[in-house]
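The values are calculated or read from the model by the stated rules, or taken from the named source; none is laboratory data. All values reported here derive from a predicted model rather than from experimental measurement. Quick reminder, even Gly has a Cβ in these numbers, built from the backbone with ideal geometry, and neighbours come from all protein chains shown.
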């Protein structure tokens with residue numbers, strides 16, 4: 001592994017590095033010694049990830065055997081439904097290996113219908129949920145089961161469960177006779193589960209060489225566990241905490257190597273959900289590359305991090321990093337570094353105190369109004385309805401100007417798109433556009449996917465963000481079998497639920513609802529572009 005750091009405050013960095021070394025933090029972490037955290041921390045029950053690479057042989061052998069059995073039966077299409085830590089790591093593994101693994105982590109009915117219709121006759125569905133009760137995962141499982149039955153296929157014979165022992169999903173898999181069930185380690189939290197069954201089973205069944213990935217991590221483990229000033233995870237965790245202490249809490253991530261394609265999205269969840277709480281944290285900003293829509297986003301409140309070979313760049317803050325290594329190394333490195341940064345910052349990296357709020361509000365919406373809007377739009381313009389506190393604005397441009405104007409130069413805009421993540425992937429182009437015209441750091445997430453990632457930071461991290469939420473009329477509807485609602489209703493309830501949770505935290509949310517998705521997105525893009533760009537402080 002290669003780590004290159006630029007530290008503008010070397011004395012502070014050295015002092016904190018020494019403090020962490022004196023505490024024996026890396027070795028205690030590797031030994032699953034939770035004594036370094038306060039008694040109320042969840043660390044005692046969440047450190048099983050530290051030695052996963054050393055005890056994966058039986059799991060890998062079982063995956064390889066099952067993969068050959070599936071191939072012999074002509075079951076060549078592997079589909080995974082799981083949210084957050086249950087899908088992001090295998091998605092990275094498959095993308096970096098150029099292997100097909102279909103991920104269904106959306107409640108957009110069009111996206112679910114497309115996934116079901118891809119190759120049902122040869123499909124195996126992996127249902128991954130640590131809790132066993134994840135609402136999105138359960139809804140998608142139900143939809144696939146219904147489709148299998150309609151096609152004359154026994155659903156249970158096409159389903160594989162990954163869950164903790166004794167969960168509702170575990171019991172269901174036994175009762176219905178699923179093709180296979182993989183029990184996860186109860187001491188491994190979702191976002192630290194890359195090298196557990198949650199990461200290895202889907203990737204391995206899809207055809208990824210998971211043996212190599214695990215071997216890479218195992219080889220890196222001694223260096224990451226060492227109480228040495230040369231320990232890369234210790235150095236990077238210290239670097240993050242020093243940046244945070246100097247109000248430089250945005251972590252701009254850009255991939256510069258095809259071998260690490262998609263890794264930034266996994267890092268985004270790990271860092272945001274682990275560190276964004278108690279009014280503190282590091283906010284990852286995932287960008288497209290190192291050009292105008294890449295490191296140009298990094299300003300005085302950001303640190304820059306290239307994932308892959310070195311590039312020429314310089315952050316106005318003076319904090320720069322280049323991290324290069326194999327995928328297995330990177331998974332374990334980031335897990336160690338994130339836990340170390342949490343300790344140094346003073347937050348518990350293993351809990352997620354604000355994740356439940358959006359879920360609770362969504363359930364309230366589903367039970368009360370069936371997922372429909374209870375509020376009237378402030379106004380309608382063309383194919384867009386605007387909801388929320390718009391002040392005196394009567395048009396889309398002025399409403400957006402008002403939202404952007406509320407952010408100070410060290411804040412951020414979070415764009416939350418409850419759209420079809422596959423068919424409307426181009427909506428991500430709004431992120432650099434908003435960044436340019438708002439003049440502040442901007443993140444982008446598809447809902448409900450981001451709720452299991454940056455959603456914790458939005459409500460628990462630094463209270464300096466505003467949110468542009470995008471919802472839309474559905475193209476079609478798909479009922480959730482056994483439930484009184486359809487996917488579009490669930491999707492809308494999740495959007496409204498998160499908006500309510502954010503407002504409960506005194507965060508400003510502007511929701512734009514697209515009556516026509518294509519024309520509405522074009523209208524929104526034009527309105528953002530019509531706003532005079534704010535000064536990109538710290539950038540020439």
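Miscellaneous remarks
- Of all residues making up segment 6-17, the number that are over 13 Å from residue 240 (Cα atoms) and either surrounded by 15 or more Cβ atoms within 10 Å (Cβ to Cβ) or touching a residue at least 40 places away in the same chain (Cβ under 8 Å) (or both): 0
- Residues within segment 20-68 that are exposed (fewer than 15 other Cβ atoms within 10 Å of the Cβ) and under 18 Å from residue 197 (Cα atoms), tallied: 9
- Identification of helices (runs of 4 or more DSSP H) wholly contained in segment 169-284 with 1 or more residues that are within 30 Å of residue 300 (Cβ to Cβ) and modelled with pLDDT of 95 or more yields 232-245, 263-275.
- Verdict on residue 68 being free of Cβ contacts under 8 Å to residues at least 60 places away in the same chain, in the same structural domain as residue 178 (by TED's automatic domain parsing) and under 30 Å from residue 105 (Cβ atoms): yes
- Evaluating residue 85 against the criteria (1) modelled with pLDDT of 95 or more; (2) in contact with a helix residue (DSSP H, G or I) (Cβ under 7 Å, 6 or more places away or on another chain); (3) in a helix (DSSP H, G or I) leaves one unmet condition, (1).
- Any chance residue 107 is in the same structural domain as residue 200 (by TED's automatic domain parsing) and in a loop (DSSP other than H, G, I, E, B): yes
- Residue check for residue 195: crowded, with 23+ Cβ neighbours inside 10 Å, closer than 30 Å to residue 323 by Cβ and out of contact with any strand residue (DSSP E or B) (no Cβ under 8 Å at 6 or more places or on another chain): yes
- Residues in segment 122-162 that are touching a strand residue (DSSP E or B) at 6+ places or on another chain (Cβ under 7 Å) and part of a helix (DSSP H, G or I): 122, 137, 140, 141, 144, 158.
- One residue from 171, 235, 246 being over 21 Å from the mean Cα position of the chain (by Cα), more than 21 Å from residue 333 (Cα to Cα) and touching a residue at least 60 places away in the same chain (Cβ under 8 Å): 246
- Sole residue being modelled with pLDDT of 95 or more, surrounded by fewer than 20 Cβ atoms within 10 Å (Cβ to Cβ) and touching a helix residue (DSSP H, G or I) at 6+ places or on another chain (Cβ under 8 Å), chosen from 428, 381: 381
- Answer from 390, 407 - the residue that is touching a helix residue (DSSP H, G or I) at 6+ places or on another chain (Cβ under 7 Å), free of Cβ contacts under 8 Å to residues at least 60 places away in the same chain and crowded, with 19+ Cβ neighbours inside 10 Å: 407
- Among the residues of segment 101-112, not a single one is in contact with a helix residue (DSSP H, G or I) (Cβ under 9 Å, 6 or more places away or on another chain), in contact (Cβ under 8 Å) with a residue 40 or more places away in the chain, farther than 20 Å from residue 421 by Cα and surrounded by fewer than 24 Cβ atoms within 10 Å (Cβ to Cβ).
- Restricting 149, 134, 118 to those that are surrounded by 15 or more Cβ atoms within 10 Å (Cβ to Cβ) and in the same structural domain as residue 200 (by TED's automatic domain parsing) reduces the list to 134.
- Residues within segment 187-227 that are farther than 24 Å from residue 65 by Cβ and over 20 Å from the mean Cα position of the chain (by Cα), tallied: 10
- Exactly one residue out of 51, 45, 58 is over 27 Å from residue 326 (Cβ atoms) and out of contact with any strand residue (DSSP E or B) (no Cβ under 6 Å at 6 or more places or on another chain): that is 45.
- Check on residue 92, outside the structural domain of residue 139 (by TED's automatic domain parsing) and part of a helix (DSSP H, G or I): no
- Options 7, 50: the member that is modelled with pLDDT under 95 and either within 28 Å of residue 207 (Cα to Cα) or in the same structural domain as residue 316 (by TED's automatic domain parsing) (or both): 7
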